[in-house]
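As structure tokens, the structure follows; a few thoughts come after it.
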Amino acid sequence: MTTAFVLSGGGSLGAAQVGMLRALTAHGIHPDLVVGASVGSLNAAFYAARPDTQGVDALARLWLQVGAHDVYPLEPSEVLPRLLSSFPSRPLRAVLRALGGLNYIFPINPLLVGQAAAGRADHVFSNRHFEGFLHRVLPLKRIEDATVPLKILATDACDGRGFLLTHGPVVPALMASTAVPGFYPPVEIQGRYLIDGAVANGTTLDRAIALGADEVYVLARGFPCHLAAPPSTVLAMAIHAYNLLEEQRMAASIAQARARVRLHVLPPVRPLELLPIDFRQTAQLIKAATDSTHQWLDHDRTARRM
């Protein structure tokens with residue numbers, strides 16, 4: 001029997017997958033194959049490189065070290081206090097960080113934003129800082145060097161077909177799998193221009209089954225379902241809608257797969273009241289997912305590897 005873990009996207013909600021991996025590892029459940037897309041590809045790559053308790057703990061520490069403003073700019077009301085507290089030691093860095101210029105995920109470059117608005121660029125954010133971040137933190141250089149076979153799903157930007165990356169440098173593959181169209185530039189790999197794997201005409205679950213998995217654990221990170229109001233910014237609304245669409249596509253794949261494989265859909269963390277660009281509840285998400293997965297495994301014997 002071939003067992004696969006499949007991990008999809010969700011931005012900051014991907015922290016829940018860390019808790020799920022922690023509980024699965026503690027229960028002695030290990031995959032023969034890991035398939036990831038979007039932020040799930042980052043978790044998948046880190047886990048596939050170190051598929052043990054120590055590796056999951058290191059992944060959790062990484063998530064906890066990423067502050068909210070490493071991803072998203074400061075709120076306007078926070079800019080002046082942060083600047084004042086940073087002077088006079090590192091004034092230039094303080095200004096760049098406050099304005100979003102040093103963020104890993106959404107680095108604001110007024111020139112690039114202007115070019116995009118004028119129709120002279122196909123993306124709003126540079127992926128240069130994100131690339132450097134990945135090179136610093138990943139315990140893996142090439143996809144084929146993973147301890148557990150790793151597959152990273154991206155999408156051909158020209159025809160929408162899923163493109164499974166199975167070998168080669170891992171950083172470009174992850175940059176492609178997380179390249180939300182319009183936000184980040186496509187990444188050229190093997191002569192193809194690739195974007196976020198969540199756009200592909202098949203989910204990570206579909207790909208795992210096509211690769212021969214007959215037992216699949218779906219690490220469903222959930223999506224915001226109890227927002228008091230719609231997101232109030234363009235970026236937040238776009239990411240929120242994007243993730244809702246992805247979750248619905250995964251739900252359709254799950255419904256179709258139940259008759260084909262032994263399927264275990266881990267319980268998502270609910271209710272969620274945060275947006276996928278909000279990294280302030282990472283610790284709570286990891287703990288809640290760890291606890292709910294432990295409880296689910298303890299009470300569902302059919303989910304255990306006998």
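The values are calculated or read from the model by the stated rules, or taken from the named source; none is laboratory data. Since the structure is predicted, the reported quantities are computational estimates derived from the model, not experimental observations. Protein only, heavy atoms only, side chains kept; ligands, DNA and RNA dropped before computing areas. Shrake-Rupley method; radii C 1.70, N 1.55, O 1.52, S 1.80 Å.
Take His264, His294, His30 and sort them by solvent-accessible surface of the protein heavy atoms, 1.4 Å probe, largest at the top.
The residues order as His30, His294, His264, largest area first.
If you count only protein heavy atoms and use a 1.4 Å probe, how large is the accessible surface of Met175, to the nearest 10 Å²?
Here the residue's solvent-accessible area equals roughly 20 Å².
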